[in-house]
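Here is the structure we will look at.
Throughout, read-outs are computed from the coordinates displayed, never taken from laboratory work. Everything numeric here is computed off the predicted structure, so don't read it as measured data. FYI the Cβ positions are ideal-geometry reconstructions off the backbone, even for glycines, and counts take in every protein chain you see.
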Amino acid sequence: MYESDGSIMVYWHALDVADTDGCSGPAAGTSSGLVLVFDIPPKGTNVTVSEVLEQHRDAITDIAAELGQAPDGAGDLVSADDAGTLCVWSTGEEFTLLSKIPAFGCSCSSVKLWNGIVAAGYGNGQIRLYEAATGLLRAEVNAHARWIYALDVAPQTGKLLSGAEDSFVHVWKLSRNPDTGEVIEHCHAECVTDTQVCGARFCDPEGNSFAVTGYDLSEIFRYGRV
Amino acid sequence: MSARALPLLFLNLGGEMLYILDQRLRAQSIPGEKARKDEWTDVDRKRVMNDIITTMFNKKFMEELFKPQELYSKKALRTVYDRLAHASIMRLNQASMDKLYDLMTMAFKYQVLLCPRPKDILLVTFNHLDAIKDFIRDAPGILNQVDETFRQLIETYSCLSAGEFQLIRQTLLIFFQDMHIRVSIFLKDKVQNSNGRFVLPISGPVPWGTEVPGLIRMFNHNGDEVKRTEFTTSGNYVAPQREGSFDLYGDRVLKLGTNMYSVSRPVETHMTGSSKNLASHAKENIVPNPLAKEELNFLARLLGGLEIKKPGGSETGFRLNLFTTDEEEEHAALTRPEELSYKVINIEATQ
């Protein structure tokens, strides 16, 4: 849908931004740190850039939209970059920066937003959870022994899936209210023998099954609860 | 994809090539003066290594190499190594050259795959360069050239971010995708499975900068840690000891990229058993390569800077065999599966 012109290299596309006030569109990140928001007309192919968000100074690695029910003021979109900085945005007439989460020295390779919780996966194998509205760190998980490639959230249950180069895929459970229960707990670990996991996705909105892809693998492995 | 992967690809593959040639030359050489004209001596071996290394680190060649550019096809790269291997009086038959290239590529694929951090690919490169410097320690002129390249590597790559290194690593992994040639030394060391795929260990030290998996820490609004829990997996990781050095000299710590060949362990490769990928390889040969013209231009520029020695009047080229006997070499040439043939491009690029 997006054709790159000479200087802009597109890394990621966020596929659906929450439809608020009908003033939204897909967002794409660039290697220079810009986040471009597009306007897709209801009919025709006249796609235009409606906004350019300039908060990141490093290449954008991932963009995620709120997949659950955001508490008030918690933001609709989060973008992550190569240095590890995260930006939380609210969409509306225009995009507004809600909070900026500073890097801690590691590239953020993958990010998800659910019920006002930002789940970020890093190149050093750590998963961190932040409150989207305030940017506060709520949990630090030493999840993987290598670069995390993929994160996914099952929106109906808050299950979190992480896949990394260490061959492991983990299933976690995010709590709906970080102040009452444990904000994150470990549910299940799966080792995909001799495979560097490159992609991992839940196959249903409750998170009862997930699919995994890996380097040099021509198959997609699907796991389901018995 | 990254435009900075080519120097790393070239230097590491070149390093592996030198390890293998050195091992074979030592295995086939005789001490002292030669009795017959076609025998190798230590003096011949050192000369071959010096010639190849001099050619590899040629200034103009390196300048072309370090320009930001895409990785080219396997065919184009293979042609460069063909030329490089023949930069001295040594000669290799097609079958031996094929085997040499198979070993080089599988070894480097393994090293890239197992790099703990993306940045460690630079340490692997430094390991190769350290070994190359050791090969030519008696020739200060060539040593200078290698140090120059070392400095250029440090200048080009030291300030890259983790994400940029990961992109370089992914670019290299895509280049090596679907290659599953089985190498006897890897099979014996249980580093490769019988289906050609590498073993990924789930134990040992974690990369520098990574914590051993297992701990979950939770914080309240004031930033105080309020709870800790742990989870277990089948992995068995420990903390790393120290970080390798990225300086011109230093302990690299990482073993990937060091010489794993020794004279007493001959190395074989196995072609059969890769049938799953037959279809994709066959397709690759039929579809016309849109980059063909670019590749030829690239090769002409690159090879234009390579001085090729042709054996002079009284000297005959020495043939090196990567196999144990001539009959084995012939047999390998006849039985190499079609889809694994490299179809070398012949280019006359003299200036």
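Things worth noting here:
- Near the amide H of B:Leu200, within less than 5 Å, lie the amide hydrogens of A:Asp194, all on another chain or at least 5 residues away, with H placed in the peptide plane.
- Average beta-carbon neighbours from other chains, 10 Å sphere, peptide B:203-213: 6
- Max mean-square fluctuation residue, GNM over chain A, Cα-Cα springs under 10 Å, options A:Ala103, A:Ala200, A:Ala80: A:Ala103
- Most fluctuating residue given options A:Thr96, A:Thr213, A:Thr193, as computed from a GNM of chain A linking Cα atoms under 10 Å: A:Thr193
- In this structure, the residue pairs whose Cα-Cα separation is over 26 Å, taken from B:Lys46/B:Lys67; B:Lys67/B:Lys99; B:Lys133/B:Lys190; A:Lys173/B:Lys109; B:Lys109/B:Lys133; A:Lys159/B:Lys119, are B:Lys46/B:Lys67; B:Lys67/B:Lys99; B:Lys133/B:Lys190; A:Lys173/B:Lys109; A:Lys159/B:Lys119.
- Top of A:Ile117, A:Ile184, A:Ile148 by mean-square fluctuation, Gaussian network on chain A, Cα under 10 Å: A:Ile184
- Annotation: amide H of A:Cys187 within the under-5 Å range of A:Val171, A:Trp172, A:Lys173, sequence separation 5 or more or interchain, hydrogens built in the peptide plane.
- Remark: region A:76-90, residue by residue, has Karplus-estimated 3J(HN,Hα) of 10, 9, 10, 10, 10, 10, 5, 7, x, 7, 10, 10, 9, 10, 10 Hz, where x stands for each Gly or Pro and the curve is 6.51 cos²θ - 1.76 cosθ + 1.60 at θ = phi - 60°.
- Computed from backbone phi with θ = phi - 60° and the Karplus coefficients 6.51, -1.76 and 1.60, the 3J(HN,Hα) list for region A:92-97 is x, 4, 9, 7, 10, 6 Hz; x is used for glycine and proline.
- Gyration tensor verdict on chain A (Cα atoms; rounded if a/c is under 1.5, prolate if a/b is larger than b/c, oblate otherwise): prolate
- With at most 15 other Cβ atoms within 10 Å, longest stretch of chain A clear of loop chymotrypsin sites (Phe, Trp or Tyr not before Pro) (DSSP): A:105-226
- Judged by the gyration tensor of its Cα atoms, with axes a ≥ b ≥ c, region B:93-140 is oblate; a/c meets the 1.5 cut and b/c is at least as large as a/b.
- Proxy reagent accessibility, fewest Cβ within 10 Å first, across B:Ser194, A:Ser162: B:Ser194, A:Ser162
- Taking GluC sites (Glu not before Pro) across region A:79-131, the ones in a DSSP loop with at most 10 further Cβ atoms lying within 10 angstrom of their Cβ are A:Glu93.
- Take each residue of peptide B:193-202, count the partner chain Cβ atoms within 10 Å of its Cβ, and average: the result is 4.
- In this structure, B:Glu330 and B:Glu268 have a Cβ-Cβ separation that, at R0 = 22 Å, corresponds to a calculated FRET efficiency of about 0.90.
- For region A:107-118, 3J(HN,Hα) computed residue by residue from phi via the Karplus equation (6.51, -1.76, 1.60; θ = phi - 60°) reads 5, 9, 8, 7, 9, 9, 10, 8, 6, x, 10, 8 Hz, glycine and proline entered as x.
- Amide H partners (placed H, <5 Å) of B:Arg319, local residues excluded: B:Arg91
- Shape category assigned to region B:83-220 from the gyration tensor of Cα positions, a/c cut at 1.5: oblate
- Average other protein chain Cβ within 10 Å of Cβ, residues B:217-229: 4
- A straight line joining the Cα centroids of region A:55-134 and region A:195-226 runs 24 Å.
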